[in-house]
Each structure stands twice: as structure tokens, then as C-alpha cells.
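Before any comments, here is the structure.
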Amino acid sequence: MMTDRRRLLGIVIGLLCISLLAIAWALSAGNVPVSPAKLVGALFGSAEGMEADVIRHLRLPRAVAVFVSGGLLATAGALMQVLLRNPLADPYVLGISGGAAVGALAAMLAGLAPWLVDGAAFAGALTAMLVVFGLAHGDGSWTQTRLLLTGVIVAAGCGAVITLMLALAPDTRLQSMLFWLMGDASGASRPWPALAVLIAGFALVMPFARDLNVLARGELAARALGVRVERLRYLLYGLASLFTAVSVTLVGSVGFVGLVVPHLVRFVVGNDQRVLVPAALLAGGTLLTVADTAARTVMAPVQLPVGVLTAMIGVPVFLFLLSRHPRGTMGA
């Protein structure tokens with residue numbers, strides 16, 4: 001038992017180190033390469049000049065934004081898979097991303113300022129969350145199936161509205177709208193509120209990690225063992241929805257991270273939520289940071305949509321691990 005705990009702790013510490021290396025790469029790579037010494041001086045010293053300004057005002061906010069967004073999506077995915085007890089559940093399955101996209105694209109279509117686009121995206125995500133939960137709640141009770149079906153229907157409706165807006169959009173705004181839909185971190189200059197949401201949400205969910213382990217085995221078992229299932233459901237749904245809304249507002253719609261990262265982490269650390277949740281947070285942030293850095297450097301000065309890179313990185317890894325792992329481990 002002690003050996004297993006040390007191994008799991010070592011995995012989390014290793015992920016933390018890899019995360020720091022990914023952020024360091026994001027800060028140093030680009031059209032203006034920065035040496036490690038100058039990077040340390042710009043972050044912790046009083047270094048001046050163009051390189052220091054690029055790091056502090058451009059690369060650091062973007063690196064923090066993509067890491068936080070990846071962490072939010074992966075954590076939300078892990079929570080949704082426990083909440084719905086469905087291995088295909090991800091942060092976007094309840095239509096929250098669709099609502100955010102409708103709000104953001106409507107603001108872009110109207111030619112509003114970037115900060116108003118962010119506000120519209122968050123308002124759209126919040127509206128979709130309230131609609132899904134209100135419709136699924138119905139007569140005062142809801143099940144995983146009812147919540148999932150309601151989210152799928154709302155997401156389909158949002159998809160139709162998005163398609164209509166893209167068809168009506170002028171050519172001058174169509175490219176920016178498409179980039180937002182595929183994930184675009186180039187305008188993420190205010191990541192600090194999202195970082196606060198991630199830290200606060202993580203601190204809130206970790207005390208319930210043992211209850212999550214019981215809930216993953218079934219609602220009846222959880223009730224029999226004294227878990228307050230309704231309260232835990234509200235907590236999981238609220239946090240997962242908030243995480244998704246903040247992430248989509250920050251960098252747009254980035255698929256794949258919230259679905260696959262929890263499974264990849266589960267292959268390595270098992271299904272203990274006390275380890276899975278922090279490991280998923282670090283792995284999701286690292287994956288999106290690496291993907292975003294590659295997206296802006298591989299074909300520089302052209303920037304690729306980060307959502308395309310997350311799929312290109314994650315899908316082969318996921319299929320490789322799946323082919324080497326025994327059957328029956330995909331369930332949440």
C-alpha cells in the first residue's frame with residue numbers, strides 16, 4: 001500500500017515537472033527565441049528589453065491561459081464521467097460549448113470589441129447550462145440519462161444556430177469565427193481570473209474525492225455508504241459547467257482534451273479520484289500548452305488552430321494505449 005502511494009505521488013510530481021517544462025518551452029519558443037538565462041531574468045529578475053517584454057506581456061499570459069484552459073477541460077471531463085457514469089462524457093456533452101459559441105459568434109457577427117466577445121461567450125455558456133439543467137430537472141428529479149439527452153438536444157440546436165451564423169457571416173469576419181470554433185489562444189491576455197477559478201474549484205472538489213470514488217461504483221452503493229448523492233451531483237454539475245464555460249470563454253472551443261485526457265490518466269494511475277483529478281488537471285494543461293506552442297511555431301508565422309493539434313497529438317497516443325491495455329478499463 002505504501003509503495004502504491006509513493007508510486008502515485010511520484011506520477012503526480014512527474015506530471016508537475018513536465019508541466020513546468022511545457023510552460024518554459026511555451027515562453028521561450030517563437031519568432032523571438034529566448035535563452036533559459038534570459039527567461040529566468042525576465043520572470044524573476046529585472047531584465048529589460050524586447051525579449052523581456054515579449055515574455056511578460058505576450059507569451060506568459062498566453063501560456064497561463066492555455067494551461068489553465070487545458071486543466072479546466074480535463075478536470076471537467078473527469079467530473080462529468082463520474083457524474084454521468086459514462087466513459088464518453090466530456091465537458092461539451094451538455095451543450096455548454098455550443099451556448100458559448102452562439103454567444104461569441106453573435107458578438108463577432110455584430111462587430112463587438114474582444115472583451116465583449118468574451119462576455120457574450122460566458123453569457124451563452126451560462127444560458128445553455130441553465131436551460132439544460134432546467135429542462136432535465138423537470139418535475140424535481142433527474143437522472144444521468146435525462147441530463148445527457150437534454151444536453152445533446154441543446155447542443156444540436158446550438159449547432160444549427162452556429163451553422164446559420166457562419167452562412168450569414170461576411171468574408172471579413174468568417175476566418176476569425178472559424179478560428180474561435182477550432183480554438184484560438186492568440187487573444188487570451190487576461191488569464192488570471194480563470195486561474196483563480198481553477199484553483200478554487202480544485203480546492204473545493206478534492207475534499208469530496210472519497211465520495212467520488214463511491215459514486216463511481218453506483219448511486220445505490222453511494223447512498224448505502226452515506227454519501228449525500230444529490231448534493232454531490234449539484235456540486236459536480238456546477239463545477240464542470242463553470243470550468244467548461246470559463247475555458248471556452250478563454251480560448252474558444254478546444255475539443256478532445258476533456259474526453260481523452262481523463263482516460264489516458266486513468267490508464268496510468270487507476271480510478272482513485274484523489275489522484276486522478278490532480279493528475280488530469282496537470283496532464284490536460286500540459287497537453288494544451290504543448291499543442292498551442294506547436295500550433296504557433298511549426299508553421300510560423302502562420303498559426304494553426306490549437307484544436308487540430310490536440311487531436312493530432314492525443315488520438316494516436318490514446319489508440320496506442322488502448323491497444324496495449326486490457327479490456328474493461330474504459331469505463332468511468
### Flag for residue 241 being of a type in the set (S, T, N, Q) and modelled with pLDDT under 85
yes
### Total residues in segment 145-170, condition surrounded by fewer than 16 Cβ atoms within 10 Å (Cβ to Cβ), farther than 11 Å from residue 98 by Cβ and either under 22 Å from the mean Cα position of the chain (by Cα) or modelled with pLDDT under 85 (or both)
3
## Note on the structure
Of the residues in segment 103-127, those that are within 18 Å of residue 171 (Cα to Cα) and not small (Gly, Ala, Ser) come to 105, 108, 109, 112
### Task
Kindly indicate whether any position in segment 33-49 is at positive phi and without any contact (Cβ under 8 Å) to a residue 12 or more places away in the chain.
yes
### Query
Among the residues of segment 216-224, is there at least one that is outside any helix (DSSP H, G or I) and loosely packed, with under 13 Cβ neighbours inside 10 Å?
yes
### Task
Give the number of residues within segment 258-306 that are charged (D, E, K, R) and under 23 Å from residue 94 (Cα atoms).
1
### Query
Quick one: in segment 13-50, which of the residues that are among the hydrophobic types (A, V, I, L, M, F, W, C) and outside any helix (DSSP H, G or I) is modelled with the highest pLDDT?
29
### Message
Which count do you get for residues in segment 226-249 that are of a type in the set (A, V, I, L, M, F, W, C) and farther than 17 Å from residue 128 by Cα?
### Response
4
### Sole residue being surrounded by 18 or more Cβ atoms within 10 Å (Cβ to Cβ) and in a loop (DSSP other than H, G, I, E, B), chosen from 88, 105, 94, 73
94
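The values are calculated or read from the model by the stated rules, or taken from the named source; none is laboratory data. Keep in mind that this is a model prediction, so the values were computed, not measured. Every residue, glycine among them, receives a Cβ derived from its backbone with ideal geometry; neighbour counts consider all protein chains shown.
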